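Below: one structure, written as C-alpha cells.
The values are calculated or read from the model by the stated rules, or taken from the named source; none is laboratory data. What you see is a predicted model; the values in this text were computed from it and never measured. Cβ: placed from backbone, ideal geometry, glycine included. Neighbour counts: every protein chain shown. Side chains are part of the model used for accessible areas, which takes the heavy atoms of the whole protein and leaves out ligands, DNA and RNA. Shrake-Rupley method; radii C 1.70, N 1.55, O 1.52, S 1.80 Å.
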Amino acid sequence: MAVLSQILVVNAGSSSLKLRVLNDADEVTGSADLPPAEDKAALEATIEGFGEVHAVGHRIVHGGDEFSGPVLIDPAVRQRIGALTDLAPLHQPKSLAALDAVTEVMPDVPAVACFDTAFHATIPPAAATFALPAQWRERWSLRRFGFHGLSHAYVSRRAADLLGVSSSGPGLRLVSCHLGAGASLAAIRDGRSVDTTMGFTPLDGLVMATRSGSVDPGLVLWLQTHAGIPADELTDALENRSGLLGLAGTPDLREVLARAAAYDAEAELAREVYLHRLGASVAAMTAALGGLDVLAFTGGVGENSTEIRSRAAARLGFLGVHVDDDRNGTGSGDRDISPPGAPVRVLVISAREDLEIARQVREIIPA
C-alpha cells in the first residue's frame, strides 16, 4: 500500500495553534504557529500556502473511556468529543475550536482525531483504579486516564529505534519523562503504557510550571472548608498559580536554576522540590515495570536542561541510572547520554507529537 502523503497536523496549545505538514518521508514541508483559532482569514491563507493536503490529524487531549485509539472524524464523533469537555475544561475547548476552524476551511479533506489519553488505555486496573466508592467510579468513570500519550508513544518507538530493538519487546522496560511546562512520566513495557503520573486530570503528578502536581486531597478540602476558598479559586490556584511559579515566583525552570546557582533560597527550594518529586516518581514507575532498562527525557526541559538530567540521574543511581557528563553536556538531537556499559540506557529524544499523529492518521486513512 502506498504511503499517505501531505498530512496536516493540528496541535492547539494554550497560546498558539501549531500547524505542521508532513510528507510521506515524515519531512516537515510546511509550518506555522498562529494565535488560537479565531481569525478564519489568517488560518485559510496559511493552509492555502501549504499547497495540497490529503488528510488532517488533530491532537485531542481527552478521549475518555470511549476513544482508545485514533478515529475518523464525522459529525457524530465531533459531538462525542465535545461531550467530554467536562473532563478537560481547560484543554478540550481549544482542541475543538481548532478542529472546527480547520474543518470549515477544509470541509472535504478527511480528518482524524488522535487522543492524548489513548496510549494509556492499556494501563491495568490496579494502576487505573482510584479507591473511591463504587457508585462514584461507575457513574462518572472516575479513573486514571493519563495524558501526553502522543509524546510518550513516540518516545517509546524512537527509543527502540535508537537502541536497535523492537518497541514491542520482548521485555523492554522504559520510563518516558515528558518534562515541559506540563510534565508527566509513563511506565512503558513492550511498547504499552502500564502506569503514568497524571491521573483523572492533567493536574496530577509532577511539579510543573504553574500546576501543583499531586497534593493531599485533604489539604484542598481543608482550604475549601476552613479557609472558605471557593472551588473556582482553588482550581485557578492549583492550575495557574502553583508549581514552580508558586514556589519561586516564576514558571520558567531556566530562571529557577540560574537563581538557585546564585544561592537564592526560594529557587533552591523550588529546584529540590521539583527533583524530589521527579526522582520519587521515576522510582514508582520503575516499580510498576519491575525494573528499568531505559530512561528517556523529552519535552522542553527534558531535551534542553543538562542540569536537570544530571541531578535526576544522581538521585537514581540506586536503579542503575547514570549519565556521562560529556555526552550529557554536549550534542543535540536524539542521543544516548549514558556511559558505556551502563545497566540503564539514558536517552534524550526530541518531542515529535507531529510524527506520532501523522503515523496514526496513516493507520486510519488508506493511501
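Side notes on the structure shown:
- Looking across the range 3-23, the residues that are over 18 Å from Cys114 (Cβ atoms) and open to solvent by 40 Å² or more (accessible area, probe 1.4 Å) come down to Ser14, Ser15.
- Taken over the range 220-242, the residue count meeting the criterion of being under 22 Å from Gly205 (Cβ atoms) and either small (Gly, Ala, Ser) or in contact (Cβ under 8 Å) with a residue 24 or more places away in the chain (or both) is 7.
- Odd one out for Ile229 among (1) of a type in the set (A, V, I, L, M, F, W, C); (2) assigned to a loop (DSSP other than H, G, I, E, B); (3) within 20 Å of the chain's Cα centre (by Cα): (3)
- Here Ile81 meets the list (1) β-branched (Val, Ile, Thr); (2) surrounded by fewer than 20 Cβ atoms within 10 Å (Cβ to Cβ); (3) free of Cβ contacts under 8 Å to residues at least 60 places away in the same chain almost entirely, failing just condition (2).
- Filter result for Ser15 (more than 23 Å from Arg362 (Cα to Cα), of a type in the set (S, T, N, Q) and either out of contact with any Asp or Glu (no Cβ under 6 Å at 6 or more places or on another chain) or in a strand (DSSP E or B) (or both)): yes
- Applying the criterion of at least 2 residues that are without any contact (Cβ under 8 Å) to a residue 60 or more places away in the chain and open to solvent by less than 10 Å² (accessible area, probe 1.4 Å) to the helices (runs of 4 or more DSSP H) found wholly in the range 281-367 leaves 306-315.
- Total residues in the range 113-134, condition touching a Lys or Arg at 6+ places or on another chain (Cβ under 9 Å) and either among the β-branched types (Val, Ile, Thr) or in contact (Cβ under 8 Å) with a residue 40 or more places away in the chain (or both): 11
- Listed by position, the helices (runs of 4 or more DSSP H) enclosed by the range 108-217 include none that has at least 3 residues that are in contact with a strand residue (DSSP E or B) (Cβ under 6 Å, 6 or more places away or on another chain), modelled with pLDDT of 95 or more and open to solvent by 60 Å² or more (accessible area, probe 1.4 Å).
- Ile47 vs. criteria closer than 24 Å to Gly146 by Cα, outside any loop (DSSP other than H, G, I, E, B) and of a type in the set (Val, Ile, Thr): no
- Residue in the range 232-261 that is farthest from Leu179 (Cα to Cα), counting only those that are outside any helix (DSSP H, G or I) and under 22 Å from the mean Cα position of the chain (by Cα): Arg241
- Pro75 under 30 Å from Val53 (Cα atoms) and exposed (fewer than 13 other Cβ atoms within 10 Å of the Cβ): yes
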